[in-house]
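Here's the structure we're looking at; comments come further down.
The values are calculated or read from the model by the stated rules, or taken from the named source; none is laboratory data. Everything numeric in this text was worked out from a predicted model, so none of it was measured. Every residue, glycine among them, receives a Cβ derived from its backbone with ideal geometry; neighbour counts consider all protein chains shown. Accessible surface areas use protein heavy atoms only, side chains included; no ligands, DNA or RNA. Shrake-Rupley method; radii C 1.70, N 1.55, O 1.52, S 1.80 Å.
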Amino acid sequence: MKVLFTLGVYQKDRPERWAVKHSVFFALANSLANLGHEIFFYCNKKSVKARFVTSKYKYYFEDEDIFSEILVQNSIQCVVVWGGRTDADDKLRRSCPEGIKLIYAEAGWFPQAGTCYFSEFGTNANAQFLKEGLQDHQFNATSFARARSKVLGASIGYFRWLKLPSFYGMKKFDSTKPIFLPLQDEGDTNIALSSPVKSMALFISKFAEQYPQVSFIARPHPRASYLSLPAHDNVKYQRSDVDPYTDFDRYGGVIGINSTMLLQYALLGLPVAGVGKGVATGSGAYFDLEYDQLPSQLDDIVYDVHSSAKFFDYMLRNKQLAVKKLMNTRYVSKSYLMGMFE
């Protein structure tokens, strides 16, 4: 198969952001080349890292070569895109002739740095994991416990790992304890495209006023700047430089929009609810809240632990890939990627 990796194509807003993904695509390109695929790159010059631009693969650049012509000249069969949810990505899709396969990549979750996943449907809110293998996935409690212990031990440390609540306990909110509200960057694509609320100030006020007897702890996103965040008697703010998993076991539940942090808290074993559409919406990973029809009491939030366990078992053992291992041809050949690149 002739595969074209793209980076920052048609992106006008800080195209240099895609450069950090160059290493991911370069690693996978090496493995695919070893497996007999022919590799090409088409990039915005600001979206590449010089050390990965080698003569091993043919590189084309947006300001020098026309995307649609490159596809035809090289008989490209598959185009790989990071993210795929921007207006620039829509333009890229329109430039692809019928019959070209599109594969999307995105950062993983456990932890986000160093992991990734690939999908033929899309990423984040566009993902369709039930169609990608989740529905037919065979849950294995022993393997899940091992994978969960490994990833959480590495991310939160051994001593906090010892305090983990049982994953199989009742997933029920306890409003006698503080409820954690992780905030997001209002400029994030997930907020712009897939959230019923665009303002973190409005998000906080919604819950603070709806549940005045409940105590909330809100955590600003470390890379976001907000015009203002509201003051409520039942809301305290956690500094963004504090480890978000400090004393995680004191929370009676976690409510967010579509942040990947919701997945991380759900994996810890806490009850979690999310509004808006995210990567786990409809999967059973956590409780899907209707923003305009909130329950009268947060303690009414209860959800099926078995569906949640199956989702995380699938993600940890099947869907999420280690970026460092993408250079390993054997690792790639044993993953679901082989079914995509054929």
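A compact table of results
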item: Qualifying positions in region 150-161 - within 23 Å of the chain's Cα centre (by Cα) and open to solvent by 40 Å² or more (accessible area, probe 1.4 Å); result: 150, 154, 155, 161
item: Hits in region 162-177 - residues which are surrounded by fewer than 17 Cβ atoms within 10 Å (Cβ to Cβ) and touching a residue at least 12 places away in the same chain (Cβ under 8 Å); result: 163, 165, 166, 168, 169, 170, 172, 174, 176, 177
item: Residue satisfying condition, being among the β-branched types (Val, Ile, Thr), crowded, with 19+ Cβ neighbours inside 10 Å and part of a loop (DSSP other than H, G, I, E, B), within set 279, 254, 242; result: 279
item: Total residues in region 28-48, condition out of contact with any helix residue (DSSP H, G or I) (no Cβ under 8 Å at 6 or more places or on another chain), touching a residue at least 40 places away in the same chain (Cβ under 8 Å) and in a helix (DSSP H, G or I); result: 0
item: Residue within region 49-57 that is without any contact (Cβ under 8 Å) to a residue 12 or more places away in the chain, among the charged types (D, E, K, R) and not in a loop (DSSP other than H, G, I, E, B) present; result: yes
item: Count of residues meeting criterion [assigned to a strand (DSSP E or B) and either aliphatic (A, V, I, L, M) or in contact with a His (Cβ under 8 Å, 6 or more places away or on another chain) (or both)] in region 1-27; result: 4
item: Enumeration of residues in region 178-200 that are free of Cβ contacts under 8 Å to residues at least 60 places away in the same chain, open to solvent by 20 Å² or more (accessible area, probe 1.4 Å) and not in a loop (DSSP other than H, G, I, E, B); result: 192
item: Sole residue being within 21 Å of residue 188 (Cα to Cα) and open to solvent by less than 60 Å² (accessible area, probe 1.4 Å), chosen from 267, 289; result: 289
item: Number of the exception - residue 128 against (1) touching a strand residue (DSSP E or B) at 6+ places or on another chain (Cβ under 8 Å); (2) surrounded by 15 or more Cβ atoms within 10 Å (Cβ to Cβ); result: (2)
item: Residue satisfying condition, being farther than 22 Å from residue 118 by Cα, of a type outside the set (Gly, Ala, Ser) and either touching a residue at least 60 places away in the same chain (Cβ under 8 Å) or in contact with a Pro (Cβ under 7 Å, 6 or more places away or on another chain) (or both), within set 321, 326, 298; result: 298
item: Residue in region 292-307 that is surrounded by the fewest Cβ atoms within 10 Å (Cβ to Cβ), counting only those that are in contact with a strand residue (DSSP E or B) (Cβ under 8 Å, 6 or more places away or on another chain) and assigned to a loop (DSSP other than H, G, I, E, B); result: 304
item: Criterion (surrounded by 20 or more Cβ atoms within 10 Å (Cβ to Cβ) and farther than 24 Å from residue 189 by Cβ) met by exactly one of 31, 47, 68, 75; result: 31
item: Selection status of residue 97, modelled with pLDDT under 95 and over 26 Å from the mean Cα position of the chain (by Cα); result: yes
item: Qualifying residue in region 208-225 (condition: farther than 23 Å from residue 155 by Cα, in contact (Cβ under 8 Å) with a residue 24 or more places away in the chain, in a strand (DSSP E or B) and open to solvent by less than 50 Å² (accessible area, probe 1.4 Å)); result: yes
item: Among residues of region 135-168, those that are part of a loop (DSSP other than H, G, I, E, B) and small (Gly, Ala, Ser), counted; result: 2
item: Set 142, 123: member being farther than 16 Å from residue 270 by Cβ, of a type in the set (Val, Ile, Thr), at pLDDT 90 or above and surrounded by fewer than 15 Cβ atoms within 10 Å (Cβ to Cβ); result: 142
